1. Which residues, taken from segment B:44-53, are part of a loop (DSSP other than H, G, I, E, B) and either aliphatic (A, V, I, L, M) or facing another protein chain (nearest Cβ under 8 Å) (or both)?
2. Looking for something under 29 Å from A:Leu152 (Cβ atoms) and either part of a strand (DSSP E or B) or more than 12 Å from chain A (Cβ to nearest Cβ) (or both) - is there at least one such residue anywhere in segment B:56-66?
3. Residues of segment A:302-324 being touching a helix residue (DSSP H, G or I) at 6+ places or on another chain (Cβ under 7 Å), free of Cβ contacts under 8 Å to residues at least 40 places away in the same chain and in a helix (DSSP H, G or I), which ones?
4. What is the residue count in segment A:354-373 for residues that are outside any loop (DSSP other than H, G, I, E, B) and more than 14 Å from chain B (Cβ to nearest Cβ)?
5. Can you spot a residue in segment A:250-258 that is more than 23 Å from the chain's Cα centre (by Cα) and exposed (fewer than 14 other Cβ atoms within 10 Å of the Cβ)?
6. Does B:Pro103 satisfy the criteria of being within 28 Å of A:Gln370 (Cα to Cα), in contact (Cβ under 8 Å) with a residue 60 or more places away in the chain and loosely packed, with under 12 Cβ neighbours inside 10 Å?
7. Looking only at segment A:374-395, count how many residues are farther than 18 Å from A:Leu264 by Cα and within 13 Å of chain B (Cβ to nearest Cβ).
8. Filter segment A:270-324 down to the residues that are within 21 Å of A:Tyr196 (Cβ to Cβ) and of a type in the set (Asp, Glu), then identify the one that is surrounded by the most Cβ atoms within 10 Å (Cβ to Cβ).
Amino acid sequence: MPADDLTGLEAGRAAENAARHSYGKLIACLAAQTRDLAEAEDALAEAFALALKAWPQNGVPASPEAWLLTAARRRATDFARRGRTRKDAVPRLSTMIEELQADETAERPIPDDRLRLIFACAHPAIEPAARAPLMLQTVLGLDAADIASAFLVSPAAMGQRLVRAKRKIRDAGVPFSEPDLETAPERLDAVLEAVYAVFTQGWSDPAGADPKSRGLVEEALFLGRLIAELLPAEPEPKGLLALMLYAHARRGARRDGEGRFVALDAQDSGLWDTPLIDQAETLMMAALPRGRIGRFQIEAAIQSAHVHRRLGGPTDWGAIVALYDSLLAVTGSVVAALNRALALSRRDGAEAGLVALEDLAGDARLLDYQPYWAARADLCDRAGRVAEAEEAYERAIGLEADPAVRVSLQDRLASLMGRSAF
Amino acid sequence: MQYMLLIIGNADLVAAAKAEDMQALMGAFMAYTKAMQAAGVYVHGNPLKPAPTASTVRLKDGQTRVLDGPYAESREQLGGYFLIEAPDRATALDWAARCPGVPYGAVEVREIEVIPGHNDRAG
């Protein structure tokens, strides 16, 4: 391979690496004063394009981050000067590259303002549905079309949603600052909920037995780690990260050899990712003594109880029911109530679970909520209520979007019909 | 608002499926239809006979011509449709994602254009 190709490759890799690790830092830095995220993104995109031209010729700079930041700042000034029209940009490129080369000595460490950026993305003024997508775009540099698919939204609609949110940040005075979490703990909740929304996109099962991700799991874990690191004194970010790690640790056990769905109960715990579970347990140990229990720590504790059987003992359903009681008290959510009913059925039998489900019946949101029908089918099946089980299985099958889960429900329905035919 | 879900089948994917998969697919479509009815979104829907049975009418050199087969040669052909009533496109997309036909092709979601008085003329 000729030497210049090698340099090109190396430069390309350096640019890619900087894009992956520094994107959010650079955006946060660029937009900290102006709060203009769209402009920061444009400027940074131009800086990356410039790097791909300059680095193969002149070598990778000692601090790619600092180089990119300087380049992006100049582009931003350029845009401003030219009223954001980019005509005549090309002839100036070579001059700029030279200037940047000369500037390399003036290197300062880049401040990490990502936390401010993250809090701005999840600000109460931003519509909740835009918060997670905005974080994915500005902190991680994800493409709007990919984000749209993950959230099952058309790319055009997602593009508009993101533009609206950025306009709000720029024009409505959404601050780029870390809120006082003592007085406004809900600001952190909004951040964590957005990160969890990234993680759960595409999960069909609220208990986390089957996180069939549409590819955003790694992104959610990155954000979760980042927030836990940047807020070391807060227990809830640790709880969220632990929750995601427990669920992610089971990814290898969720499908059998033929790609069929395997429920949590039936999973081979030997296929779970032990180091990830250990990481999660360590995080829990660090979070719990802080004495401020929140939704994510409780959910992580439930996951911890579920994976406990890897040590050989039976699952402690009593403990899990108690944890769901606490979760329900904190969130009051349908999902928590549903999972509490399922856990209760493991402790006290299927009929007890059905009684608990009765509390939910009549909620209009359940009409198209697949997990409710799947839970009901399971409980009626186990309780020997054949006709009701049959109807609930049908509803669950009809509402399921994941083909593997659909097939597993169809198998269970067929088995019920086979048994009841005698 | 009403949306048309156009169920498009890919001939290669359908041909590669096992007989029992096709049987499961039929059952899944029945369950899907029932779930839409129970949720109050279903207006109507039907599968179509296979694309090779289609006839296509075109005007060629000022002459009306009838051709055998679908209007476009493609491995992907319209195989059925559902008309649904949904509050917004996001809900329509949720239902499209649940369609059991997705693994065998695609589902196109089109909003129905409302022309005032258009459906009052019959009678």
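The values are calculated or read from the model by the stated rules, or taken from the named source; none is laboratory data. Predicted model only: the values in this text are computed from it and were never measured. Please note: Cβ atoms are built from the backbone with ideal geometry, for glycine as well, and neighbour counts cover all protein chains shown.
1. Let us first name the residues in segment B:44-53 that are part of a loop (DSSP other than H, G, I, E, B), namely B:48-50.
Correct list: B:Leu48 only.
2. First, the residues of segment B:56-66 that are under 29 Å from A:Leu152 (Cβ atoms): none.
There is no residue in segment B:56-66 that is under 29 Å from A:Leu152 (Cβ atoms) and either part of a strand (DSSP E or B) or more than 12 Å from chain A (Cβ to nearest Cβ) (or both).
3. Within segment A:302-324, A:Ile302, A:Ala305, A:Trp317, A:Gly318, A:Ala319, A:Ile320, A:Val321, A:Leu323, A:Tyr324 meet the criteria.
4. First, the residues of segment A:354-373 that are outside any loop (DSSP other than H, G, I, E, B): A:354-358, A:364-368, A:370-373.
Cutting the leftovers down to more than 14 Å from chain B (Cβ to nearest Cβ) gives us A:354-358.
Going through segment A:354-373 one residue at a time, the tally reaches 5.
5. So in segment A:250-258, the residues more than 23 Å from the chain's Cα centre (by Cα) come out as A:256-258.
After this cut, where a residue has to be exposed (fewer than 14 other Cβ atoms within 10 Å of the Cβ) as well, the list is A:257-258.
Yes, there is a match, as at least one residue in segment A:250-258 is more than 23 Å from the chain's Cα centre (by Cα) and exposed (fewer than 14 other Cβ atoms within 10 Å of the Cβ).
6. no
7. 6
8. Filtering first and then ranking leaves A:Glu299.
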